[in-house]
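> Here it is, the structure, as structure tokens.
Each value in this text was obtained by applying a stated rule to the coordinates, not by laboratory testing. On a predicted model such as this, the values are computed, not experimentally measured, just so you know. Note that we place each Cβ from the backbone using ideal geometry, even for glycine, and neighbour counts take in every protein chain shown.
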């Protein structure tokens with residue numbers, strides 16, 4: 001049984017985009033046409049890449065983080081914000097806090113890429129490193145209570161979904177006749193927002209989510225019929241490594257997403273290599289996930305179709321990038 005939730009309307013999504021204004025970029029959509037794309041995707045498949053890696057902070061995340069913070073009161077802004085993240089959301093919250101002249105304290109797992117930690121600090125955030133993502137969520141609750149900071153959730157809530165829905169709005173405006181959209185899934189906030197936007201603007205368009213096999217919390221949640229937590233997260237796509245699904249984004253995904261598939265770390269690494277060699281895009285593992293699904297588990301479903309692919313982020317240092325590519329040979 002589906003729970004009664006507020007679904008972001010196309011008008012609300014348009015208003016959210018207007019409210020975000022120039023604080024987030026309208027990222028380009030680029031069609032990949034080459035011999036390699038025809039070989040990998042099939043002759044008639046048209047791949048339209050929504051290049052969110054060019055967003056401020058290097059990922060789509062500022063859309064939700066900033067939109068969540070725009071409604072904070074003066075007192076709440078004075079107290080600052082806090083967040084938990086393996087990197088991209090932490091960077092986005094740091095960027096948003098700096099934009100709004102407030103402070104951010106973010107909690108990250110010790111395994112977080114140093115490049116991302118340094119990027120948070122460059123935006124003025126205080127960074128705390130803890131042993132794993134489960135402890136990170138506990139620690140951020142303590143900070144919220146002890147320092148009276150507002151918690152900005154990495155993937156859950158109406159405001160996050162409205163922020164991420166603006167990706168879908170822009171994509172539909174730029175490519176109005178899409179047959180399918182493939183969206184990376186971590187906690188589900190990006191997929192929830194995009195799915196809600198695209199399905200209402202283009203009801204015949206299919207929405208597919210993609211997760212790493214080692215972080216398949218949304219797949220398991222949809223199978224169980226409710227949000228579940230996974231015991232262990234094990235993937236190179238650390239920005240998709242959410243340990244659980246959450247109620248609101250889960251309900252939007254359950255309502256609007258046609259299927260969620262998984263890809264292996266090797267498939268992610270191989271697609272990172274392909275995107276670098278063929279498109280000259282240096283993406284993090286999550287940024288390659290939609291393309292990996294398109295040439296892997298979703299190939300038959302999108303063959304001959306007009307497909308939108310969300311390239312969600314690029315926050316990775318050169319050494320880690322090179323190591324992953326070396327291991328993908």
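> Hey, what did the chain get for relative contact order, percent, Cα under 8 Å, at least 6 apart?
Across the chain, relative contact order equals 21 percent.
> Rank-order 303-312, 86-95 by packing density, defined as the average count of other C-beta atoms within 10 Å over each peptide's residues, highest first.
86-95, 303-312
> I would also like to ask the following. Could you state the number of Å between the C-alpha centres of segment 47-110 and segment 122-171?
Segment 122-171 and segment 47-110 have Cα centres spaced 8 Å from each other.
> Using only the alpha-carbon atoms of segment 1-140, report the extent along each of the three principal axes, biggest first, to the nearest angstrom.
Sorted from largest, the Cα extents of segment 1-140 read 54, 40, 38 Å.
> What is the angle, in °, between the Cα long axis of helix 318-327 and the longest principal axis of the Cα atoms in the chain? Nearest 10 is fine, range 0 to 90.
It works out to around 40 degrees.
> Per-residue ellipticity at 222 nm for the chain, helices alone: DSSP H runs ≥ 4 residues times -39500 (n - 2.57), over residue total, nearest 500 deg cm²/dmol?
For the chain, the value works out to -13500 deg cm²/dmol.
> Another question, then. Taking the Cα atoms of segment 233-320, report the difference between the largest and smallest coordinate on each principal axis, in whole Å and largest first.
38, 34, 18
> With springs only between Cα atoms under 10 Å, which of 203, 247, 184 fluctuates most in a Gaussian network model of the chain?
It is 203.
> Once the Cα atoms of helix 158-174 and of the chain are each reduced to a long axis, what angle between those two axes, in degrees from 0 to 90 to the nearest 10, is obtained?
30 degrees
> Place the peptides 193-201, 65-73 in order of packing, highest mean first, counting for every residue the other Cβ atoms within 10 Å and averaging per peptide.
193-201, 65-73
> State, to one decimal in nm², a quarter of the convex hull surface area for the C-alpha atoms of the chain, i.e. the direction-averaged projected area.
That works out to 15.2 nm², a quarter of the Cα hull's surface.
> Now for a separate question. Give the order of 141, 61 when sorted by the count of other beta carbons within 10 angstrom, beginning with the fewest.
Going from sparsest to densest Cβ surroundings: 141, 61.
> Another question about this same structure. Taking segment 61-182 as the region of interest, what is the percent of Cα-Cα pairs per 5 angstrom bin, listed from the shortest bin to the one with the maximum distance?
Result returned by the calculation: 2, 12, 21, 21, 18, 11, 7, 5, 2, 0.
> Sort the following peptides by mean Cβ neighbour count (other Cβ atoms within 10 Å, averaged over residues), highest first: 279-291, 214-226.
Final packing ranking: 279-291, 214-226.
> Considering the alpha-carbon set of segment 117-262 alone, what are its Rg and its Dmax in angstrom?
16.2, 50
> For 120, 205, which order do you get if you count the other beta carbons within 10 Å of each Cβ and list the fewest first?
Placing the least packed residue first, the sequence is 205, 120.
> Right, something else. For labels at residue 229 and residue 101 in the simple 7 Å Cα→Cβ model, what's the distance in nm?
For the pair residue 229/residue 101, the computed spacing is 4.0 nm.
> Any chance you could give the angle, 0 to 90 degrees and rounded to 10, that helix 189-201 forms with the longest Cα principal axis of the chain?
60 degrees
> With each label point set 7 Å from Cα along the Cα-Cβ vector, what nm distance links residue 129 and residue 318?
Spacing of the two 7 Å Cα→Cβ label points: 2.2 nm.
> Work out, step by step, the length gained on full extension between residue 78 and residue 3: first 0.36 nm times the residue separation, then minus their alpha carbon distance; give nm to one decimal.
23.4 nm
> Quantify how much of the Cα-Cα distance distribution of segment 180-232 extends past 18 Å, in percent.
Value for segment 180-232 (Cα pairs over 18 Å): 34 percent.
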